[in-house]
Amino acid sequence: MYAVDATSGKTIESFGDNGVVRVADRALEFKDRGRPQPASAESLGYMIASSATYARGTIYLGVAQADSLITGGLVVAMDANTGKIKWVFRAIPQGPEDDGWEIAKDTWSGPVRQGGGIWTQPALDLELGIVYVNISNPSPNYDGSSRKGINLFTNSIVALDIETGRLRWHRQVIHHDIWDWDLMTGPTLFDVNLNGKPIKGLASLAKVCYVYALNRETGEPIFPIVETAVPTTTDMPGEQVWPTQPIPYTARNVPQTPFCATYPPNVQDPELAKRRRPIFHPYQVNEFIIVAPGVQGGPNRGSSSFSPRTKWLYVTGKNDAWSIKAKPVGTSLKPGPGAPGHFQNIAEEGKTGVTPTQNIAAFDPATGELAWLAEFPGATNGGLLSTAGDVLFQAIGREFYTLDAVAGKQLSRITMQTVVSAEPLTYLAGGRQYVAIASGGSIRAFGLPQP
């Protein structure tokens, strides 16, 4: 992380080491004082994968990535003026020195506990004094035979004390993930009235197309999240598939409607159609099966958005499918970074015959229901923006859409020169409102019509 003077572009030498902090290196030094340190955290697979969040002189940042077999991602609080580390939370506790060890220690088998990177930026509630982060999948991705159990705190929303980094509460949304359907999108904070009572809410999205809506003070679901039986048959040697998964329900006590496909859509070939399986069906070693969503989402990194005007959460996710045959760990000769003697399992991808499309939906957190849903051609990992003018902005591929936030109707579409995978932002300049989005290495800015 660099500190740069916004006027001159020069690095601020009083920050870190002459203007730069190697965040994971410093965080591991802080966390593992007195222990031998690696030449670099990057050599172990650590990386920064999102922007930071700033408040009251402190920077809050998540460190990834799970797929590199790290021993837990890191949530880091740093002094914004000096770059000095204030506290570090390890996403997968490795021993009694790590906060949450007593909760998590019996949820893993074996001595190696890997994964749990943080892909998206933290959210802050300064009034409650809480930092919220989404922690991603365990590793190896598709073979859980070496990590029996639910594998806390992977695929979990965790709330940390803003001053100390101590664990306040946690909520796991996928147990013993063997699909790489990690918790990627969010968290998004919102306030809503429920039966006349104000609720401080939080919403996060895993790749499985559900909205996990919680009371952000307590971590309790706003509506029930029900442990539901899922398929467990697998030919993966030594695998013990977890027999239930948490499925969100609505105020009517029925399962929440997913906002994107959870069963392979539009498979026209009869032979391929025979391979389709329901959500949470384990991948197989000896046959290709087709499941939905694919490992690239549903929702994947792109943020959701909440409008205080409509009181709705706006979400986006892909309708796609994935045909896959898993390999047990060790059958590939590709070593995982920083994991001597262990191998990252490589999954073979097959054809599905599915052309992905993208859904945009409005979710009502006061009812747990979808208010509307719209489908568009193409697919994106980027998020969306809602404005006080009741307009939504979403880029999908090369197309930049505006939608009516109340009705879900398309208002306009602009074709760009390059593919976009970012979220838009809006700003005022010279008395005019603009919407800008990063596009293929450049920035595209669109002036909005004058009122």
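Derivation of every value follows stated rules applied to the coordinates shown; laboratory data play no part. Only a predicted model underlies this, so the values are computations on that prediction, with no experimental measurement involved. As a convention, Cβ positions derive from the backbone with ideal geometry for all residues, glycine included, and neighbour counts pool all protein chains shown.
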What whole number of Å gives the distance from the Cα centroid of the range 111-158 to the Cα centroid of the range 186-264?
-> 16 Å
Taking the Cβ of Glu163 as the center, what net charge do the other residues with Cβ under 12 Å away carry, scoring Lys and Arg +1 and Asp and Glu -1?
-> +3
HN-Hα couplings for the range 39-54 via Karplus (6.51, -1.76, 1.60; θ = phi - 60°), in whole Hz with x for Gly/Pro, come out as 4, 7, 5, 4, 5, 8, x, 6, 7, 8, 10, 8, 6, 8, 10, 10
Note, the range 281-297: 3J(HN,Hα) by Karplus (6.51, -1.76, 1.60, θ = phi - 60°), whole Hz, Gly/Pro = x, goes 6, x, 4, 10, 7, 9, 8, 6, 10, 10, 10, 9, x, x, 5, 8, x
Peptides ranked, highest mean first, by Cβ atoms within 10 Å: ranges 184-195, 420-431, 200-211 | 200-211, 184-195, 420-431
Positive minus negative residues near Thr154 (Lys, Arg vs Asp, Glu; Cβ under 15 Å) | 0
Bin all alpha-carbon pair distances of the range 188-319 at 5 Å intervals from 0 and give each bin's fraction as a whole percent.
-> 2, 9, 15, 19, 19, 14, 10, 6, 4, 2, 0
Residues of the range 356-373 with amide N under 20 Å of the 7 Å Cα→Cβ point at Thr310 | 358-373
Ile103 to Lys10: FRET efficiency via 1/(1 + (r/R0)^6), r the Cβ-Cβ distance, R0 41 Å, to the nearest 0.05?
-> 0.35
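What size of dipole, in debye to the nearest 20, comes out for the range 36-137 about its Cα centre when the only charges are +1 on Lys and Arg C-beta atoms and -1 on Asp and Glu C-beta atoms?
The calculated dipole for the range 36-137 is roughly 180 debye.
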At Asn195 and Ser412, where each label point lies 7 Å from the Cα along Cα→Cβ, what is the point-to-point distance in nanometres?
-> 4.5 nm
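Please compute the Kirkwood hydrodynamic radius over the range 181-251, one decimal place, Å, based on all pairs of different Cα atoms. Before the final figure, lay out each step's value.
Values: mean 1/r = 0.0717 Å⁻¹.
After inverting the mean inverse Cα-Cα distance, the result is 13.9 Å.
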In a solvent-free Debye calculation with one equal scatterer on each Cα, what is log10 I(q)/I(0) for the range 1-110 at q = 0.16, 0.20, 0.22 Å⁻¹, listed in the order of the q values?
-> -0.76, -1.11, -1.29
With r as the distance between the Cβ atoms of Thr355 and Leu128 and R0 = 45 Å, compute the FRET efficiency 1/(1 + (r/R0)^6) and round to 0.05.
-> 0.55
Environment charge of Val391, counting only residues whose C-beta is closer than 15 Å and scoring Lys/Arg +1, Asp/Glu -1 | 0
Rounded to the nearest 0.05, what FRET efficiency do Arg398 and Asn266 give with R0 = 22 Å and r taken as the Cβ-Cβ distance? Could you check?
-> 0.50
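Given +1 on the Cβ of Lys and Arg, -1 on the Cβ of Asp and Glu, and no further charges, what dipole in debye does the chain carry about its Cα centre, rounded to the nearest 20?
On the way: 39 positive and 41 negative charges, 81 e Å.
The calculated dipole for the chain is roughly 380 debye.
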Lys274 versus Thr233: modelled label distance in nm, points set 7 Å from Cα along the beta carbon direction = 1.5 nm
The chain -> Rg/Rh from Cα coords, Kirkwood Rh, value 0.96
Short version: ³J(HN,Hα) in whole Hz for each residue of the range 171-183, in order, from phi by Karplus 6.51 cos²θ - 1.76 cosθ + 1.60 (θ = phi - 60°), x for Gly and Pro, what are they?
-> 8, 8, 10, 9, 8, 6, 5, 10, 10, 6, 9, 6, 7
Starting from the amide H of Ser439, placed 1.01 Å from N in the peptide plane, find each other amide H under 5 Å away whose residue is 5 or more places distant or on another chain.
-> Arg444
Length released on extending from Val112 to Val419, taking residue separation times 0.36 nm less the Cα-Cα span | 106.6 nm
Gain in length, Glu287 to Glu163, computed as 0.36 nm per residue apart minus the alpha-carbon separation, to one decimal in nm?
-> 39.6 nm
May I ask you to derive the relative contact order of the chain, considering only C-alpha pairs under 8 Å and at least 6 residues apart, and to give it as an integer percent?
-> 9 percent
Cα centroid separation - the range 17-70 against the range 399-434, whole Å | 34 Å
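Taking the Cα centre of the range 227-311 as origin, work out the dipole magnitude from +1 charges on Lys and Arg Cβ and -1 charges on Asp and Glu Cβ, in debye rounded to 20. Provide the component values of the computation, followed by the final result.
Values: 8 positive and 6 negative charges, 120 e Å.
With only Lys, Arg, Asp and Glu charged at Cβ, the dipole is about 580 debye.
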